[in-house]
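Report on the structure given below.
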Amino acid sequence: MTVQAVLPPGVSKESFAAALTEYRAIVGDHWVVADLERLAPYSRIIIPDDAAAHQPCGAIAAGSVEEIQRILAVSNAYKIPLWTISTGRNFGYGEAAPATPGQMVLDLKRMNRIIEVDPELGTALVEPGVTFKQLHDYLTEHNLPFWLNKPAPAPIVGPVGFTLERGMGYTRYQEQAQNFSGMEVVLADGSVVRTGMGGVEGSKTWQAYRWGYGPWIDGLFLQSNFGIVTKLGLWLMKRPAAHTTWKAGFADLQGAGRAIEVLRDLRLDGVIDNGFVVHMGVGVAMTQRRADIVRGPGAITEEMWSAMAKQAGLVLWNAIGTVYGTPEQVAVNLEIVRKAITAVGGVFATEEQASGPVDHFLFNNIKMLTANGMSLEDFALFNFRGSGGAWFAPVIPAKAVDAIDCYRISQRVLAEFGFDYLGGFFVGYSGRHFDAVNILVFDRDNPEELERAKKCYTKVVEACAKAGYPLYRATTSTMKLTADFFGEAQKSINARLKHALDPNHILAPGKSGIS
């Protein structure tokens, strides 16, 4: 499909040209983009949807809060919507492109200062353009004893966007939204709010105590379009004295269900801080191309996966985690994990006992993420079938019956459209829920397959939500669909907040289904 230039909704070509002139006066000609060729990085998507449905009218890169305030004044005057990104690499959820066509992408990559790192408290204050690699390099350069809670594409994405989208990391901190303190937010009218203790002039606890005084408003700016976050306080994980990565194999889905409940109880008891139960297909998809292992139409069935597992000496499901602490704590907790896992039929192993390329890959990949490394190896998933991919992550109670139910729903819908199940379950921060993370991979260059993937993705989101397992995070193409399942009361209060804070509705219309 050929993408055409678009205008902001309801804005004439002449008015848009006038607005571009004013934008350029604020940030300089180089940082305002309006032609299709230069807009390509802001337009390209890999999710299952038509690119035209997410085509921006332009992009502007702000370099400071003051520039954002002036950009907002222009956007309010001309009614030009702004879709804000930090690094714009939200792969598998919509990338940098807006939820609806005709929005101006507000790119905050130039705002990339690490403002402050407290070497004793383990806090950092950063701008949206800071990447995990940049912060990692800072900690390394200054020999600071802290690690980062990172997603898979850590080197090229940033902690601000990751936190605001409630991303799931791999270390003992896991849910990143549990580990920040204090925001600076520019509202649609240009006013600046510092949340929590940051409202007090000269406060020394902005990054140390997140609640402040009175209502806690920080949550209003997570997964929302109520303001533009320009600074965020992070809590950094103290580097442990020791850590050991482990895994446990389970031969079938019932075994995976037992693993879910073991990890839940170990998390509730405080023995473990993280844990995953991952289908064999994820490791295979990271190391091989689909065409090399199976040919012909239709999804890879469980029988086919089982046969491949038997031939390779693998198992269908692996529970994986890392134990942190002092050497003594690690030894004790690792033994507790081993006993709990083997008691329900799991085959337990530490990284030294790994065998085979898939096993080694799983260990190396997870260890890279649960420790302090940086890797882009997870991106190999997107190459398994073609050039497209989209994540979907229903939230389930930490019970075997729900894990099995959610898996069967997801696998059945994927298979109906000829796609493979590639996913697993990530234990939540409290231990009481798991994120049932899956990825739909497909060939975007094949028009028929793209159409099939669009229908499949919509149906699997609907099927999981109707079964009681709604998503915690949505692609730009399914934000409204996802929001609809949360009911009219939530949609109404979001709409009222939106209109009060952004009466011209210029901040990211459509974000999280909020127009």
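The values are calculated or read from the model by the stated rules, or taken from the named source; none is laboratory data. None of these values were measured; they are calculated from a predicted model. Don't worry about glycine lacking a Cβ; one is built from the backbone with ideal geometry, like all the others, and counts go over all protein chains shown. To get the accessible areas, we keep the full protein, side chains included, count just its heavy atoms, and leave off ligands, DNA and RNA. Shrake-Rupley method; radii C 1.70, N 1.55, O 1.52, S 1.80 Å.
A few points about this structure:
- Against the empirical 2.2 N^0.38 Å (N residues), the stretch 114-162 has a Cα radius of gyration ratio of 1.05.
- Length gained when the stretch VAL192-ARG412 is fully extended (0.36 nm per residue, less Cα-Cα span): 74.4 nm
- Degrees separating the helix 65-78 axis from the principal Cα axis of the chain, which is the longest one: 70 degrees
- Calculated accessible area for the chain comes out at 40 Å² per residue, all protein chains present (probe 1.4 Å; ligands, DNA, RNA ignored).
- Estimated FRET transfer efficiency when R0 is 22 angstrom, pair GLN4-GLU451 (beta carbons, to 0.05): 0.65
- Near GLY58, the amide H atoms lying under 5 Å from its own belong to VAL105; only residues 5 or more places off or on other chains count, and H is placed 1.01 Å from N.
- The stretch 67-160: GluC sites (Glu not before Pro) falling in loop per DSSP and having at most 12 other Cβ within 10 Å: GLU120
- Charge context of GLN207, other residues only, Cβ under 13 angstrom, K/R +1, D/E -1: -1
- Under 13 Å from the Cα of LYS247 - aspartates and glutamates, other chains or at least 8 residues apart: GLU335, GLU351, GLU352, ASP359
- Accessible carbon and sulfur surface of the chain relative to its total accessible area, %, 1.4 Å: 54 percent
- Rounded to 5, percent antiparallel among DSSP beta bridges of the stretch 1-123: 25 percent
- Charge tally for PRO81 (other residues, Cβ to Cβ under 14 Å; Lys, Arg +1; Asp, Glu -1): +2.
- The stretch 53-74 and the stretch 89-105: distance between their alpha carbon centers, rounded to Å: 14 Å
- Looking at the stretch 170-216, the GluC sites (Glu not before Pro) that sit in a DSSP loop and have at most 15 other Cβ atoms within 10 Å of their own Cβ are GLU201.
- For the chain: relative contact order, % (alpha-carbon pairs under 8 angstrom, 6 or more apart): 16 percent
- Taking trypsin sites (Lys or Arg not before Pro) in DSSP loop states with no more than 10 other Cβ atoms inside 10 Å as exposed sites, the chain has its longest site-free stretch at 296-515.
- Rounded to the nearest angstrom and listed largest first, the equivalent-ellipsoid semi-axes of the stretch 179-295 from its Cα gyration tensor are 42, 21, 14.
- Ellipticity estimate at 222 nm from DSSP helix runs (n ≥ 4, -39,500 (n - 2.57)) divided over the chain, nearest 500: -10500 deg cm²/dmol
- Across the options TRP147, ALA25, GLY345, the greatest Cα extent toward the positive end of the charge dipole of the chain (unit charges at beta carbon of Lys, Arg, Asp, Glu) belongs to GLY345.
- Length gained when the stretch VAL294-SER492 is fully extended (0.36 nm per residue, less Cα-Cα span): 66.5 nm
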